[in-house]
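Accompanying notes for the structure given below.
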Amino acid sequence: MGTPYVWPYYLPQQHPYFQFPPTITSSGFGHRPSRSWQGSPQASPPVLPTLLPMAPAPAPMATPVYQPALLHPNYSRSRRHSIDAAYVPVQPTVAVSPWPTVPAPYYTYSPGWAFAQLELPHAQLHNLINGEIVSQHLHINLAVPDLVFKRRSGSGANQLTTLSGYDLEQPATNPQMTRVRIVCDMIPQWPVDLQVIGTTLSPHRRRRASLPYLTLEDVVHAVHAALHRKITHEEWGRLTTTQETEVARAYTRRFKASRSTSEEREQQAEGVKRVDFLLKNTWFKGFTWLDPENGVERLKLLLGKES
């Protein structure tokens with residue numbers, strides 16, 4: 001299975017929407033960690049230090065000399081040269097300092113470090129869909145039938161602007177990715193799988209630009225489309241009596257909130273959808289990373305009430 005990234009992680013494209021790792025000024029180091037050439041393609045490749053600790057160079061070997069003081073402690077003077085020059089005066093040993101060891105900026109060297117399976121940090125999420133940011137920038141109600149991308153443009157709750165086509169086509173992650181699975185704790189039985197093959201998105205989305213990576217619009221639109229699928233009789237039959245009542249109320253609230261009478265009748269006729277299983281938690285709150293599963297990167301969908 002190939003990597004889900006468009007290019008190697010250690011060559012990310014800079015973009016103002018992404019949060020970047022510490023810079024030279026903030027961290028004190030100017031090198032990024034490199035990726036190992038080891039490891040299974042089924043697992044995230046490990047991070048290895050950019051600067052490897054250098055083993056101290058051996059001190060130069062001095063010319064062998066005869067030192068009688070080492071064999072005879074009471075011997076205090078040097079002998080004169082004999083005719084055959086078998087003996088030489090005692091030469092003071094010159095201490096040679098070894099080469100300085102270069103410290104690794106991220107990991108402390110230990111024997112066998114090259115065989116350790118170190119985790120590669122996840123890709124950076126676009127700030128507009130990053131659920132770890134306290135202030136949510138996107139204002140999206142996933143319960144409405146027509147998806148509209150709006151963002152908060154100020155501190156006020158009513159200061160909203162619609163995202164441009166340029167914003168929607170921005171990469172969802174940095175580095176760019178081509179495959180991801182989206183899961184939600186409230187409806188774990190319905191994961192959403194996305195993959196870009198060449199420049200074609202699967203599942204297909206109409207009027208999508210031919211881009212070789214997953215965009216911000218791709219991931220949010222895929223979630224919205226999956227939530228507006230009708231449920232089956234088998235899925236309804238798995239609910240308890242209490243759950244049936246709660247989901248039915250959510251369904252009623254949803255179609256009665258329609259903007260027009262014709263839309264209300266249409267939504268009522270389509271019946272219960274997956275989004276009704278979310279009850280009142282239908283507002284998009286971003287994504288966070290989960291551990292990969294079977295070599296596939298996973299995103300966790302965060303939902304809540306309108307804020």
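Quick notes on this structure:
- Filtered residues of the stretch 150-191 (kept if among the β-branched types (Val, Ile, Thr) and within 13 Å of GLU297 (Cβ to Cβ)): THR173, THR178, VAL180, ILE182, VAL183
- Scanning the stretch 232-253 turns up no residue that is under 30 Å from HIS126 (Cβ atoms) and touching a residue at least 40 places away in the same chain (Cβ under 8 Å).
- Being under 21 Å from ARG181 (Cα atoms), out of contact with any Lys or Arg (no Cβ under 8 Å at 6 or more places or on another chain), among the β-branched types (Val, Ile, Thr) and crowded, with 16+ Cβ neighbours inside 10 Å is a description that does not apply to VAL247.
- When SER307 is tested against the conditions (1) modelled with pLDDT of 95 or more; (2) within 28 Å of HIS122 (Cβ to Cβ); (3) among the hydroxyl-bearing types (Ser, Thr, Tyr), the lone failure is (1).
- Members of the stretch 271-307 that are surrounded by 14 or more Cβ atoms within 10 Å (Cβ to Cβ) and over 24 Å from THR173 (Cβ atoms): VAL272, LYS273, ARG274, VAL275, ASP276, PHE277, LEU278, LEU279, LYS280, ASN281, THR282
- Among the numbered conditions (1) at pLDDT 95 or above; (2) closer than 17 Å to VAL144 by Cα, the only one that GLU235 does not meet is (2).
- Qualifying residue in the stretch 201-224 (condition: in a strand (DSSP E or B) and within 17 Å of TRP289 (Cβ to Cβ)): no
- Residues satisfying the stated conditions in the stretch 174-202, i.e. farther than 22 Å from GLY304 by Cβ, surrounded by 16 or more Cβ atoms within 10 Å (Cβ to Cβ) and hydrophobic (A, V, I, L, M, F, W, C): MET177, LEU194, VAL196, LEU201
- In the stretch 232-283, the residues that are under 35 Å from the mean Cα position of the chain (by Cα), closer than 16 Å to TRP190 by Cβ and in a helix (DSSP H, G or I): GLU235, VAL247, ALA250, ARG274, VAL275, ASP276, PHE277, LEU278
- Any hit, the stretch 171-189, residues being farther than 30 Å from ARG238 by Cα, outside any loop (DSSP other than H, G, I, E, B) and of a type in the set (Gly, Ala, Ser): no
- Test for ARG259: is it basic (Lys, Arg), touching a helix residue (DSSP H, G or I) at 6+ places or on another chain (Cβ under 8 Å) and at pLDDT below 95: no
The values are calculated or read from the model by the stated rules, or taken from the named source; none is laboratory data. Please read all numbers here as calculations on a predicted model, not as lab measurements. Virtual Cβ from ideal backbone geometry, glycine too; neighbours counted across all protein chains shown.
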